[in-house]
Amino acid sequence: MTRGCQGCQNGQPLPFEFTMAFHPILDLLQTTVWGYEALVRGTEGQGAGQILAMVDDANRYKFDQACRVKAIELAGALFPDAETRLSINFMPNAVYEPAACIRATLDAAHRVGFARQRIMFEFTENERMTDVAHVQRIVAEYRKQGFATAIDDFGAGYAGLNLLASFQPDFIKLDMELIRGIDTSRQRQTIVAAVVAMARQLGVAVIAEGIETEAELVTLQAAGIQLVQGYLFAKPAVASLPTVWIPQGDVRAKTTRLPTGDTMDAHAA
């Protein structure tokens, strides 16, 4: 096992505590919650930035492992059925040896009875990747283990065509800057339509994230996007599942069924 893997298993506890919030991803065609993205939060509701500021080279690997385990354990207890998916963020530089570093994830999934086929790993890089072969090994190993992979923030910074060409993920998540105001921007509409067409040719599913208005949603539906995420539907809930607005056919509808059988106003989220 490499030194990095020893570092994430050295028995030293993290110098801070954290939990996860869950943010829904909706399937518009099936009118249901497709899955939830796990987002880092403090145990008292502190934002991700405050927690991530305490992550350094000495605890990065242990933190990455702990995030995966925490997300899976909470999902195993909270998710309403055996179909709902879990999306977990990770940074490729927090993985030394893909086959070794995935062991804690597999153990956690087995322990809580959470099928690995329901887990998706989102990756992105704020800086250009210098070791493309390493990331290809990660994606290949995750696919071998039955996990899905996604490029997050597609269209922002370096998370673009080169990543898509190099790694062939199962999903791409359109960056919210492409989504914001798309209903009034012909440029954004043209770009998103081209990405959707390209992804369809490659066999990659598209998730639109950061949706905040019904007008944005209408435009994205017209572009053929089925999976969506954003504050329009719900805000993340810490260590729990939020109440979700799910459009029923016509997105102008103001009420919807929830997993509990309740209904809510479209803007109550």
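Helix check for the chain. Which DSSP H runs span at least 15 Å along their own axis by Cα, with a mean Kyte-Doolittle hydropathy no less than -1.0?
Qualifying helices, which must be both long enough and hydrophobic enough, are 60-78, 132-145, 186-202.
If you rank Thr105, Thr149 by fewest surrounding Cβ atoms within 10 Å, what's the result?
Thr149, Thr105
Compare the peptides 220-226, 55-61 by average per-residue count of other Cβ atoms within 10 angstrom and give them in order, highest first.
Result, highest mean first: 220-226, 55-61.
Calculated from DSSP H runs of 4 or more alone, at -39500 (n - 2.57) each and per residue, what is the 222 nm mean residue ellipticity of the chain, nearest 500?
-10000 deg cm²/dmol
Pairs of Cα atoms under 8 Å, at least six residues apart: use those to get the relative contact order of the chain, whole percent.
After rounding, I find 20 percent.
Arrange Asp107, Asp64 by Cβ neighbour counts within 10 Å, fewest through most, would you?
Exposure proxy ranking, most exposed first: Asp107, Asp64.
Counting other beta carbons within 10 Å of each Cβ, put Glu122, Glu214, Glu177 in order, fewest first.
Sorted ascending by nearby Cβ count, the order is Glu177, Glu214, Glu122.
When the Cα centres of the range 162-241 and the range 89-106 are compared, how far apart do they sit, in Å?
Spelled out, the Cα-based centre of one part sits 27 Å from the other.
Only the coordinates and a few stated rules stand behind these numbers; no lab work does. The model shown is predicted, which means the values in this text are computed figures rather than measured ones. Backbone-built Cβ (ideal geometry, glycine too); neighbour counts: all protein chains shown.
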